[in-house]
Amino acid sequence: MSKKPSKENKQPTQKTKKQHNYILWAGLIVLLIPVLILIYILFGSMEKTGVPINGNRFDDALDPAISDKQVKTLKSKLAFDHVESVSVNLKTATLRVNINTSDDLNQEQITAIANQAYDTVNSVLPIKTYFTDTNKVQMYDLEINVYNVIPDEKTQTAQIYVIKSKSASKNEPALQVVSQPKNQDVANSLLNPDTSKVPQQPSGETGE
């Protein structure tokens, strides 16, 4: 009679195979974890592209905050005479007012509109409340741009551009005519340089 195979001679092939599968899956999971983290970071960065990053300056700041309703109210009140278009933008803690006036206004009239716009902002958003820092709170900056034309190749009218601004860290506003150089002599020397004193290169002789 043939002998029955001993139980001790059987090879635990199935158990060894399962053990190898567990090790393989565990290794794949370990490799996938950093890949998934990297994908999460990349997608998060793509979604935030174009959004300004507000750093520590805005921690515990901008209180009270300027609302969209106040911005719309201010824009409606800036529709002065001789004003063609108005835009009011609030970005990164700065309120920017852009006023495009009639082309035929002179510098004095455009400056007057800049001052009038500043007073109008103060009536809707008090300067001391919204555009002046305190000991505990940092507030908004204000920038008012008033101009007659945006120059291009076809524009014959000279541009007059006035900026009235108020930094939250300053007590008083500043007014600047940016279309007018502070030093006319320096501007003329840059725009029309004197080439008479530049040594001329000797002309080359031709022929043999």
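The values are calculated or read from the model by the stated rules, or taken from the named source; none is laboratory data. Computed from a predicted model, the values in this text were never measured in an experiment. Positions of Cβ are backbone-derived with ideal geometry, glycine not excepted, and every protein chain shown enters the neighbour counts. The protein model used for the area step is the full one, side chains on, heavy atoms only, and it has no ligands, DNA or RNA in it. Shrake-Rupley method; radii C 1.70, N 1.55, O 1.52, S 1.80 Å.
Against the definition (in contact with a helix residue (DSSP H, G or I) (Cβ under 9 Å, 6 or more places away or on another chain), modelled with pLDDT of 95 or more, open to solvent by 70 Å² or more (accessible area, probe 1.4 Å) and of a type in the set (D, E, K, R)), how does residue 77 come out, yes or no?
Answer is yes for this residue.
Please work out which residue is nearest to residue 123 (Cα to Cα), limiting yourself to region 62-87 and to residues that are of a type in the set (D, E, K, R) and touching a residue at least 24 places away in the same chain (Cβ under 8 Å).
Taking region 62-87 and keeping what is of a type in the set (D, E, K, R), we get 63, 68-69, 72, 75, 77, 81, 84.
Within this subset, residues satisfying the condition of being touching a residue at least 24 places away in the same chain (Cβ under 8 Å) are 63, 77.
Values: 63: 18, 77: 10 Å.
Across region 62-87, the extreme among qualifying residues is 77.
Of the residues 137, 124, only one is farther than 11 Å from residue 164 by Cα, aliphatic (A, V, I, L, M) and touching a residue at least 60 places away in the same chain (Cβ under 8 Å); which?
Testing whether each residue is farther than 11 Å from residue 164 by Cα, aliphatic (A, V, I, L, M) and touching a residue at least 60 places away in the same chain (Cβ under 8 Å) leaves just 137.
Counting only residues that are closer than 19 Å to residue 70 by Cα and open to solvent by less than 30 Å² (accessible area, probe 1.4 Å), which one in region 97-110 is nearest to the chain's Cα centre (by Cα)?
If we filter region 97-110 for residues that are closer than 19 Å to residue 70 by Cα, which is where we start, we get 97-99.
Then drop every residue that is not open to solvent by less than 30 Å² (accessible area, probe 1.4 Å), which leaves 97, 99.
Numbers: 97: 15, 99: 20 Å.
Residue satisfying both the conditions and the ranking: 97.
Yes/no matrix, rows are residues, columns are (1) at pLDDT 90 or above; (2) open to solvent by 50 Å² or more (accessible area, probe 1.4 Å); (3) in contact with a His (Cβ under 8 Å, 6 or more places away or on another chain):
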| site | (1), (2), (3) |
| --- | --- |
| 91 | yes, yes, no |
| 95 | yes, no, no |
| 112 | yes, yes, no |
| 120 | yes, no, no |
| 138 | yes, yes, no |
| 144 | yes, no, no |
| 187 | no, no, no |
| 198 | no, yes, no |
| 206 | no, yes, no |
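Quick check on residue 72: is it open to solvent by 80 Å² or more (accessible area, probe 1.4 Å), at pLDDT 95 or above and in contact with a helix residue (DSSP H, G or I) (Cβ under 6 Å, 6 or more places away or on another chain)?
On the way: open to solvent by 80 Å² or more (accessible area, probe 1.4 Å): yes; at pLDDT 95 or above: yes; in contact with a helix residue (DSSP H, G or I) (Cβ under 6 Å, 6 or more places away or on another chain): no.
No: the conditions fail for residue 72.
Consider region 18-69. How many of its residues are at pLDDT below 70 and among the hydrophobic types (A, V, I, L, M, F, W, C)?
Within region 18-69, residues that are at pLDDT below 70 and among the hydrophobic types (A, V, I, L, M, F, W, C) number 3.
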